[in-house]
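Here the structure is laid out as structure tokens; the discussion comes afterwards.
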């Protein structure tokens, strides 16, 4: 039995390929971690110290906390930690952490609003009550208020303040609420609290029992998707820049490999040269296509004005063809499912090769289909004037 976590499931949903490398193949990445992750973990350790000291009836001073934070930073820093934003140095991130701690300290002192029940408390959730699917996690701080409300606190060092929808859909703390309900029979009310330290703002939310049960079913469904998965495709997103497997990913490996090259070597690299040449040709093709459209339009107008269907040139002749044809929804277009349903029920799908829209358009001019069928099918499409030019050498039949 695999013991799942919110992080493990989120990794699969965000990028199945990263999930494969991390959890199936268990590959050790070249990048230890990102500076953002290092900042977050060091701030968490400092917050843990603050409330651990309080359990021993000691209120740490702000100066002591900042000193502890700096010590942990310097002791654990490694040159292999990834800094994506090259304009900033490790010192910039360390100062950010110091500000997070200072703002939090000044806002929440003397820290007697609640009683701390647990710090970095491990929880295990039995999702379906039979032990088949279990999920584990760690609560940053579990607290109890005077009125008996349990609070699940989470410290976030995000550089952006999430929207209301993000908070409502964030599953991690809600999953932890399930564990608290199971572990503490007196937990009739549970409050979820996110501390967004970058903005010195706290966001609070409560979930109903119905919402928690719905979440449980959703997580079970995600786990079943993971366990039945046979393919693990890459999934590009704004998270890719911080991925520890970036240099191994088909989407990013070549880019990562060429990032450190000098300009001279970069331009000579075979892949770079091919892409640059392809981009040049694409730009030229766009210019040519635009001019082709203009000439085609003028040639079509010329043929109409002169009442001819073929126009001669120096070594070529151009035949101009136009007709009104039905245009029907493509595979991903709105109305496609209704059209397929109609053709299947009418027993006509075989006549249009599993819905080849070009063939279907031709069938609308056929005498094989009754008029009432054509009228019914016509409702799914629209008539468009199609104009084409066929170029041939003059000496060809």
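The values are calculated or read from the model by the stated rules, or taken from the named source; none is laboratory data. Bear in mind that the values here come from a model prediction, so they are computed numbers and not experimental data. When we count neighbours, we look across all protein chains shown, and the Cβ atoms used for this are built from the backbone with ideal geometry, even at glycine.
Could you identify the single residue in 267, 263 that is surrounded by 11 or more Cβ atoms within 10 Å (Cβ to Cβ) and either within 26 Å of the chain's Cα centre (by Cα) or more than 29 Å from residue 19 (Cα to Cα) (or both)?
From the options 267, 263, the qualifying one is 267.
The selection criterion, being at pLDDT below 90, in contact with a strand residue (DSSP E or B) (Cβ under 7 Å, 6 or more places away or on another chain) and surrounded by 12 or more Cβ atoms within 10 Å (Cβ to Cβ), does not hold for residue 212. Residue 57 meets the stated requirement of being out of contact with any helix residue (DSSP H, G or I) (no Cβ under 7 Å at 6 or more places or on another chain), more than 30 Å from residue 226 (Cβ to Cβ), at pLDDT 90 or above and not in a helix (DSSP H, G or I). Restricting attention to the stretch 246-258, the residues that are part of a loop (DSSP other than H, G, I, E, B) and surrounded by 11 or more Cβ atoms within 10 Å (Cβ to Cβ) add up to 3. Return yes or no: is residue 24 in contact with a helix residue (DSSP H, G or I) (Cβ under 8 Å, 6 or more places away or on another chain), farther than 20 Å from residue 92 by Cα and surrounded by fewer than 14 Cβ atoms within 10 Å (Cβ to Cβ)? No: the conditions fail for residue 24. Would you point out the residue of the stretch 303-334, among those that are surrounded by 14 or more Cβ atoms within 10 Å (Cβ to Cβ) and over 20 Å from residue 381 (Cβ atoms), that is nearest to the chain's Cα centre (by Cα)? Taking the candidates together, the pick is 320.
Restricting attention to the stretch 88-125, the residues that are within 15 Å of residue 66 (Cα to Cα), surrounded by 12 or more Cβ atoms within 10 Å (Cβ to Cβ) and in contact with a helix residue (DSSP H, G or I) (Cβ under 8 Å, 6 or more places away or on another chain) add up to 10. Residues satisfying the criterion are present in the stretch 119-137 (criterion: out of contact with any strand residue (DSSP E or B) (no Cβ under 6 Å at 6 or more places or on another chain), free of Cβ contacts under 8 Å to residues at least 40 places away in the same chain and under 30 Å from residue 223 (Cα atoms)). Please go through the stretch 39-59 and pick out each residue that is out of contact with any strand residue (DSSP E or B) (no Cβ under 9 Å at 6 or more places or on another chain) and buried (at least 19 other Cβ atoms within 10 Å of the Cβ). Residues satisfying the conditions are 39, 42, 46, 50. For first residues located in the stretch 210-226 and closer than 18 Å to residue 7 by Cβ, partners that are at pLDDT 90 or above and surrounded by fewer than 16 Cβ atoms within 10 Å (Cβ to Cβ) and lie 6+ apart or on another chain with Cβ distances below 8 Å form the pairs 222/13. Meeting the requirement of 1 or more residues that are in contact (Cβ under 8 Å) with a residue 40 or more places away in the chain, the helices (runs of 4 or more DSSP H) wholly within the stretch 277-386 are 336-345, 371-378.
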